[in-house]
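Read the structure below first, then the notes.
What follows is calculated from the coordinates using simple rules that are stated; it is not laboratory data. Keep in mind that what you see is a predicted model, and the values were worked out from it rather than measured. Note that we place each Cβ from the backbone using ideal geometry, even for glycine, and neighbour counts take in every protein chain shown.
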């Protein structure tokens, strides 16, 4: 009842739902001129296509106009955030130019996403042209334009959801795409359990590990370190306000699901390029020779699984610290506490406070990054040990995204409900 009465919440929910349905329908609008039976036979069993298919909601195997999904925008966001940390001009736009600077960075991100989508569309068109009914320049150009336009439309929808809907648009689109392929994955898993004599035991072991990870994800996503703070005694007019004790909450996992999304995108980039250049000639064939060994080394089921684990773990730690540095600034927090006449007991205001907060944030980020690394690798190892390959492409990465996005979206809905309650109290 409170959700239905919250100001603007009903409209935001309807906008979000309508846009998500629109994107799902676009997945089933196919690229014309492709021999689909031959294409499906070629990609069957490919772990790279399976992983990318989860994030595109089946759009890649269906060769729909939204086959690239939100991935170009995510890759562009990675590039821009790295450049923002490296280039002083972009950092100044983000920190000192206010809303106008952030809008300019968003516009640059869109341009980068367009270029990245065009690059990925070109690679995808080179690969798909081998299965075209009438291959040639016309088919190539129209395929590149269709994939690029589809990716840009999905990016626009994600920003529209973030602005006028509920939750983060990019995360919600990935969430919906993962949910869309769950029935097929569960059906294949049930079939595996029925065919294999020990299939039921293997599936149960894997599901129990997933349930344990879900419990851990919820605890870590909700985990906070409460730093006690005291407001100084002050006098306003004739009234004397006593010291007030409160706390400063710092999340254990500052970046949420974004570090693992970014790490997955970077990790599977060589495998994607290797897959798309496999049947090419000339320069494309040379690219395949470059990315082939890299992609083979970065496979969990390849000859060197420890390299996959090490690189994935390192990327998760890097993006966790990187995101924490963007979201929480100890110097700014220290200055804000000082302006409000608030201090941490036993810590002097100013530089000492910022150094203390930085140490706490670094320890929290380390613990959160270690947890994300464990969540991302342990269930995959159990999946490989049990031999249950029907979940290939889903894995712990998708599980973390599902739980994390669900928690963040639920919190935003709760915020709207609470704000409506306070508005009602003010009116009375």
**Request:** Please work out the FRET efficiency for the pair residue 332 and residue 28, using the Cβ-Cβ distance as r and a Förster radius of 60 Å; give the result to the nearest 0.05.
**Result:** 0.80
**Request:** State, as an integer percentage, the relative contact order of the range 1-193 based on alpha-carbon contacts under 8 Å between residues 6 or more apart.
**Result:** 30 percent
**Message:** How much length would be gained if the chain were fully extended between residue 111 and residue 153, taking 0.36 nm per residue of separation minus their Cα-Cα distance, in nm to one decimal?
**Reply:** 13.8 nm
**Request:** With a ≥ b ≥ c taken as the square roots of the eigenvalues of the C-alpha gyration tensor of the range 114-234, please select rounded if a/c is under 1.5 and otherwise prolate if a/b is larger than b/c or oblate if it is not?
**Result:** oblate
**Efficiency of FRET from Cβ geometry, residue 184 and residue 211, R₀ 22 Å, rounded to 0.05** = 0.55
**Message:** Please compute the length gained on full extension between residue 17 and residue 96, using 0.36 nm multiplied by the number of residues separating them and subtracting their Cα-Cα distance.
**Reply:** 24.9 nm
**Request:** State, to one decimal in nm, how far the label point of residue 36 lies from the label point of residue 162, with both points 7 Å from Cα in the Cβ direction.
**Result:** 3.3 nm
**Fill in**
Everything considered on the Cα gyration tensor (a ≥ b ≥ c; rounded for a/c under 1.5, else prolate if a/b is larger than b/c, else oblate), the range 1-193 must be described as oblate
**Complete:** Quick calc, residue 310 & residue 367: beta-carbon distance into FRET formula, R0 30 Å, rounding 0.05, result 0.95
**Complete:** Here the gain from full extension of residue 134 to residue 222, 0.36 nm per residue of separation minus their alpha-carbon distance, amounts to 26.3 nm
**Asked** Quick one: Cα centre-to-centre distance for the range 177-230 and the range 101-128, in angstrom?
**Response** 33 Å
